[in-house]
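Note sheet for the following structure.
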Amino acid sequence: MLKMHEFQQIVHIFNHPFFTIVGGITTISSLLVLIKVIYAIIKGVVPVWIRLGLGLSNRKIAVFAKEDFTNLRSTLIDSKIFKEQNVIQITNETLAKSEKETIMLINYHEFSDKIDEILRYKKDADALIIYAPHSKGRIDDAVVEKIELFRNVIIVNFRGRLLNDILVTMITTIHEKR
């Protein structure tokens, strides 16, 4: 068993200037790393959270659909991510109304004949998500080549991917006041 005198000698070793200097350097470097990590979080993550929060609370999703509107709308609303009033329906008669919206979701098989007109309404910073399930047929290659010329256009074949792609577009596209 260690006697008190022997224990004090062991503790005294750690009071040596070497350990004091190493301890100080370690503490300072740990603080610098902590400051750098906090700065990186504030600089990188917080702006994304703010953009996503503003997008979820303010931005409207223009859904181009007739028969399938109820299903697409319920997919968005039931996720509890999007507000009911932020999902609006666009029909053939109200295509011009989509010009002021920054996120457009098209049920391709209902609006395949209106793609050119929809692309004219889309601004460069707007997001265009084309929902085209394989069960209803593929998108023509000529249409794919045409939409490939535009930025922020996504083709989605699965309803489950739809939510993910809408969230990503809310983060990556610019929200302009119109």
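The values are calculated or read from the model by the stated rules, or taken from the named source; none is laboratory data. Quick caveat, the model's predicted, so the values are computed rather than measured. Cβ placement follows ideal geometry from the backbone for every residue including glycine, while neighbour counts extend to all protein chains displayed.
Points to keep in mind about this one:
- From the list 62, 40, the one residue that fits, being small (Gly, Ala, Ser), surrounded by 15 or more Cβ atoms within 10 Å (Cβ to Cβ) and either over 30 Å from residue 116 (Cα atoms) or in contact (Cβ under 8 Å) with a residue 24 or more places away in the chain (or both), is 62.
- Among (1) assigned to a strand (DSSP E or B); (2) under 14 Å from residue 62 (Cα atoms); (3) of a type in the set (A, V, I, L, M) - the single one residue 154 does not satisfy: (2)
- Residue 96 being surrounded by 10 or more Cβ atoms within 10 Å (Cβ to Cβ), out of contact with any Leu (no Cβ under 7 Å at 6 or more places or on another chain) and assigned by TED's automatic domain parsing to the domain that holds residue 132: yes
- Test for residue 167: is it within 17 Å of residue 60 (Cβ to Cβ), among the aliphatic types (A, V, I, L, M), out of contact with any strand residue (DSSP E or B) (no Cβ under 9 Å at 6 or more places or on another chain) and in the same structural domain as residue 64 (by TED's automatic domain parsing): yes
- The residue pairs whose first member lies in the stretch 80-93 and is surrounded by 14 or more Cβ atoms within 10 Å (Cβ to Cβ), whose second member is part of a loop (DSSP other than H, G, I, E, B), and whose beta carbons are closer than 6 Å, counting only pairs six or more residues apart or on different chains, are 86/60; 88/60.
- Every residue from the stretch 119-151 that is closer than 20 Å to residue 72 by Cα, of a type in the set (Gly, Ala, Ser) and either more than 25 Å from the chain's Cα centre (by Cα) or not in a strand (DSSP E or B) (or both): 132, 135, 137
- Hey, residue 97 among the charged types (D, E, K, R) and free of Cβ contacts under 8 Å to residues at least 12 places away in the same chain or not: no
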